């Protein structure tokens, strides 16, 4: 029996990584299900914010990358006629659109097809706090799409029940929504390897995410500035991420320096290939985000035995009770500073318990075959 053919349209894909979670979401789906479906990925030849294409690729040509067909489009070829031509050429059984607001890779393909089943993954873009950013522009888009029924016949891919509720709030209860949690990356480190690196006497916090207002990096920086270090050790805060909002970062940069109590450094953009080795030397991951419909970086922290300090604007709750870290009400910034101080003051035995619980939580509850099955059914039932 021939495999069902899935055409994925998205603004960025591997080897790009600066757009963060949405790239990993699709890559993990493709890696997990490529033996069951025939995947074609139509994307741009440029990483987020870049003007030069990825090195060592042929643009505007389909090529086989590990059993997955990918076409990277040059800027000159990013037009409606090219999108139409590719859809006709591939003749997919399902069209998967990995964004909500993308004109070229969501709205254009959606308006070009009539009989092909379409799945749309909004990737957290309908969350309340996400919609507050560029509110006027987004409200205009939402009114237009509702008025003309642009998304009336699609199947929505929600990563969580919370995201399902967000979709219903905006587009109504008649939407067809399938909840299939994001497929996580596999664990690369072993427990004994992680434990052996966690007895340095220093306490290192890391931030790995896009540098944009929605991620609230400034709250993390100001919380770390208030920390009281242990007498026998040093506190460090290493920041990794693509500077998406340059004005925001410029205002924040004056606080990224050496203090008496803590060293705060911006370390640049982290290549995903170095993620596990970076977490290996980190004691805590911090992300006081305004909104996260899943949070790949949070999950990857746990996969590498790293407890987290996050806001309550994610699907992950009751972390302290489960020895996974802290989920903080950031409406009062003092709450975040208190959680950071608690992390620094945590005794070694208690901390190592958190490391083991984080690792095991990912292994036993997040990295679940049922999650892969839910994603498989998403595509299978759409055909």
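The values are calculated or read from the model by the stated rules, or taken from the named source; none is laboratory data. In this text, all values refer to a predicted model and were calculated from it rather than measured experimentally. In this analysis, Cβ positions are derived from the backbone assuming ideal geometry, glycine residues included, and neighbour counts consider all displayed protein chains.
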(message) Just to be sure before I move on: is residue 132 under 21 Å from the mean Cα position of the chain (by Cα) and surrounded by fewer than 14 Cβ atoms within 10 Å (Cβ to Cβ) in the structure I sent?
(response) yes
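State yes or no: is residue 338 modelled with pLDDT of 95 or more, touching a helix residue (DSSP H, G or I) at 6+ places or on another chain (Cβ under 9 Å) and over 13 Å from residue 287 (Cα atoms)? Step through it out loud before you land on a result.
Numbers: modelled with pLDDT of 95 or more: yes; touching a helix residue (DSSP H, G or I) at 6+ places or on another chain (Cβ under 9 Å): yes; over 13 Å from residue 287 (Cα atoms): yes.
Yes; evaluated as a whole, the condition is true for this residue.
Of all residues in segment 183-220, count the ones that are under 23 Å from the mean Cα position of the chain (by Cα) and in a loop (DSSP other than H, G, I, E, B). Spell out the reasoning first.
Filtering segment 183-220 down to residues under 23 Å from the mean Cα position of the chain (by Cα) leaves 183-189, 204-220.
Checking which are in a loop (DSSP other than H, G, I, E, B) leaves us with 183-189, 209-210, 212, 216.
Of the residues in that region, 11 qualify.
Yes or no, residue by residue, for (1) surrounded by fewer than 18 Cβ atoms within 10 Å (Cβ to Cβ); (2) in a loop (DSSP other than H, G, I, E, B); (3) touching a helix residue (DSSP H, G or I) at 6+ places or on another chain (Cβ under 7 Å):
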{"position": "57", "(1), (2), (3)": "yes, yes, no"}
{"position": "72", "(1), (2), (3)": "no, no, no"}
{"position": "76", "(1), (2), (3)": "yes, no, no"}
{"position": "81", "(1), (2), (3)": "yes, no, no"}
{"position": "84", "(1), (2), (3)": "yes, no, yes"}
{"position": "87", "(1), (2), (3)": "no, no, yes"}
{"position": "96", "(1), (2), (3)": "no, no, no"}
{"position": "108", "(1), (2), (3)": "no, no, yes"}
(request) Would you mind finding the one in 291, 238 that is under 18 Å from residue 219 (Cβ atoms), out of contact with any helix residue (DSSP H, G or I) (no Cβ under 6 Å at 6 or more places or on another chain) and not in a helix (DSSP H, G or I)? (result) 238
(request) Might you check whether a residue that is surrounded by 13 or more Cβ atoms within 10 Å (Cβ to Cβ) and modelled with pLDDT of 90 or more occurs anywhere in segment 184-201? (result) no
(message) I want to confirm something. Restricting to segment 20-41 and keeping residues that are in a loop (DSSP other than H, G, I, E, B) and touching a residue at least 40 places away in the same chain (Cβ under 8 Å), which single residue is nearest to residue 215 (Cα to Cα)?
(response) 20
